[in-house]
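K.L.:
After the C-alpha cells below, expect a handful of questions from me.
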Amino acid sequence: MSGWRKYLFGFPDGGALPAALPARHRFHGDYGLQLYSLRNQLPGHLDRVLAWVHRLGYREVEPLGYYGTTPAGLRRALDRAGLRCTSVHFDASLFERQFAGVVQTCHALGAGYAICSSFDWQRRYQLTPADMRLQAQRFNRWAARLRRKGLRFGYHNHDFDFRLAGGRPLYDRLLEHTRPELVDFEMDIFWVARGGQDPVQYLQRYPGRFRLMHLKDMRRGTPRGFATTQTAGDASVALGQGVLNLPAILRAAAAAGVERYYVEDESPAAPREIVTSIHYLKTVQF
C-alpha cells in the first residue's frame with residue numbers, strides 16, 4: 001500500500017492516540033468529524049474508513065454528500081461503524097427547490113440539523129447588505145418549515161461573509177435579521193479568522209446564536225481579511241498546530257452555548273491531521 005491507504009489501513013488505531021486521557025481534561029461533548037475531511041478516501045472504502053474514524057474516537061459525523069451511496073446506504077454504513085449523523089450540509093438551492101428531499105435526507109440519516117453550506121456562490125464576492133437581509137428572510141422561512149418537520153436549520157460561514165460594507169461585516173446582517181428562536185449558526189472558526197474577524201468576539205457578542213462549530217486551525221502566515229482567493233486547502237492545519245487561540249475559542253464557545261463540534265480539515269494531509277486534532281481535543285486545557 002502507498003499514500004493515504006497505507007496511513008489509514010496500516011495503523012488500526014490511527015497511530016498516535018493517548019492510552020488514557022488526563023484527569024484534568026475539560027473538553028465536553030462528543031467528538032465530531034465533518035466527513036468532507038475524508039472526501040477523497042470515503043468513496044469505494046466507506047465501511048473501512050468509517051470504522052477507522054470510530055477507532056480514532058470520533059462519535060458524530062456531518063456529511064456533505066453521500067460518498068458513492070444513498071442517504072439510506074450511508075446511514076447503514078454509519079450504524080455499522082458505530083457513528084451518529086447529527087447534522088447534514090446542503091446547498092441553498094436544495095432548500096428552495098427540493099425541500100422535501102432535504103427533510104427526507106435528514107430523517108434517513110437521523111440528523112437533527114440541516115445546514116446551509118453557502119448561498120449565491122457565483123455572486124459571493126458581490127453580495128450587498130440588501131442581499132444579506134433578503135437571505136435572512138429566506139433562512140427564517142426555511143427554518144420555520146424545518147421546525148414543523150422536527151428539524152433545525154443552521155448556516156455555515158465562509159470568509160466572504162465577512163466582507164465589510166458600510167464599515168460592518170456583511171455577516172452581521174444575517175445574525176440581526178434572522179429569528180433567534182428559529183435560525184442557528186454553525187461557526188467555522190478558520191473562515192471567521194480568514195475573513196479578518198475574531199471568533200471569540202462573535203461568540204461573546206451573539207450568545208446562543210452559534211449552536212454548532214467547525215474546528216480547524218490556520219497555518220502561520222495565512223493572510224487575513226477579505227480576499228477573492230480561497231486558501232483552506234493549503235492553510236488548514238491540525239488543531240494546535242496553527243495560530244488560532246483554540247483554548248480561548250473553546251472557552252467562549254462553551255459559554256455561548258455551542259452544542260456540536262466537528263473537526264474539519266481541508267488539506268491533503270487530512271488523514272494524518274484528524275488524528276492529531278482529536279488528540280488535541282482530548283488533552284487541551286481551557
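K.L.:
Could you name every one of the helices (runs of 4 or more DSSP H) located completely within region 189-255 that has at least 2 residues being more than 20 Å from residue 285 (Cβ to Cβ) and touching a Phe, Trp or Tyr at 6+ places or on another chain (Cβ under 9 Å)? Give the steps one after another, and end with the answer.
P.N.:
Values: elements: 189-194, 199-205, 232-235.
Where helices (runs of 4 or more DSSP H) fall fully within region 189-255 and carry at least 2 residues being more than 20 Å from residue 285 (Cβ to Cβ) and touching a Phe, Trp or Tyr at 6+ places or on another chain (Cβ under 9 Å), they are 189-194, 232-235.
K.L.:
Name the residue that is surrounded by the fewest Cβ atoms within 10 Å (Cβ to Cβ), counting only residues in region 242-286 that are under 23 Å from residue 49 (Cβ atoms) and touching an Asp or Glu at 6+ places or on another chain (Cβ under 6 Å). Give the steps one after another, and end with the answer.
P.N.:
We begin by selecting, within region 242-286, every residue under 23 Å from residue 49 (Cβ atoms); these are 260-282.
Narrowing the set further to residues that are touching an Asp or Glu at 6+ places or on another chain (Cβ under 6 Å) leaves 262, 265, 273-274.
Details: 262: 24, 265: 28, 273: 22, 274: 24.
Among residues in region 242-286 that are under 23 Å from residue 49 (Cβ atoms) and touching an Asp or Glu at 6+ places or on another chain (Cβ under 6 Å), the one surrounded by the fewest Cβ atoms within 10 Å (Cβ to Cβ) is 273.
K.L.:
So, in region 256-286, how many residues would count as being free of Cβ contacts under 8 Å to residues at least 60 places away in the same chain and either closer than 21 Å to residue 84 by Cβ or part of a strand (DSSP E or B) (or both)?
P.N.:
The number of residues fulfilling the criteria is 1.
K.L.:
Select, from 161, 131, 120, the only residue that is within 24 Å of residue 218 (Cβ to Cβ) and touching a helix residue (DSSP H, G or I) at 6+ places or on another chain (Cβ under 9 Å).
P.N.:
Working: 131 fails: within 24 Å of residue 218 (Cβ to Cβ); 120 fails: within 24 Å of residue 218 (Cβ to Cβ).
Exactly one of 161, 131, 120 is within 24 Å of residue 218 (Cβ to Cβ) and touching a helix residue (DSSP H, G or I) at 6+ places or on another chain (Cβ under 9 Å), namely 161.
K.L.:
Output the residues belonging to region 198-209 that are touching a residue at least 12 places away in the same chain (Cβ under 8 Å), at negative phi, surrounded by fewer than 23 Cβ atoms within 10 Å (Cβ to Cβ) and not hydroxyl-bearing (Ser, Thr, Tyr). First the steps, then the outcome.
P.N.:
Residues of region 198-209 that are touching a residue at least 12 places away in the same chain (Cβ under 8 Å), as a first pass: 199-200, 202-204, 206-209.
Imposing the further condition that a residue be at negative phi reduces the set to 199-200, 202-204, 206-207, 209.
Still in the list and also surrounded by fewer than 23 Cβ atoms within 10 Å (Cβ to Cβ): 200, 204, 206-207, 209.
Selection gives 200, 204, 207, 209.
K.L.:
Pairs only if they're at least six apart or on different chains, beta carbon under 8 angstrom, first in region 71-91 and within 18 Å of residue 52 (Cα to Cα), second surrounded by fewer than 16 Cβ atoms within 10 Å (Cβ to Cβ) and of a type in the set (Ser, Thr, Tyr); list them, first residue then second.
P.N.:
Listed by first residue and then by second, the contacts come to 77/69.
K.L.:
Can you say whether residue 29 is part of a loop (DSSP other than H, G, I, E, B), modelled with pLDDT under 95 and under 21 Å from residue 266 (Cα atoms), as far as the supplied structure shows? Full working, then the answer.
P.N.:
Details: part of a loop (DSSP other than H, G, I, E, B): yes; modelled with pLDDT under 95: yes; under 21 Å from residue 266 (Cα atoms): no.
In short, no.
K.L.:
Taking the residues in region 32-58 that are hydrophobic (A, V, I, L, M, F, W, C) and not in a helix (DSSP H, G or I) as candidates, determine which candidate is surrounded by the most Cβ atoms within 10 Å (Cβ to Cβ). Break it down into steps so the answer makes sense when it comes.
P.N.:
Step one: filter region 32-58 for residues hydrophobic (A, V, I, L, M, F, W, C), giving 33, 35, 38, 42, 46, 49-53, 56.
From what's left, not in a helix (DSSP H, G or I): 33, 42.
Values: 33: 29, 42: 24.
Ranking the qualifying residues of region 32-58, first place goes to 33.
K.L.:
Go through (1) of a type outside the set (A, V, I, L, M, F, W, C); (2) part of a helix (DSSP H, G or I); (3) under 29 Å from residue 253 (Cβ atoms); (4) at pLDDT below 95 and name the single condition residue 6 misses.
P.N.:
(3)
The values are calculated or read from the model by the stated rules, or taken from the named source; none is laboratory data. On a predicted model such as this, the values are computed, not experimentally measured, just so you know. A quick note on method: Cβ atoms are made from the backbone with ideal geometry, for glycine too, and the neighbour counts reach across all protein chains shown.
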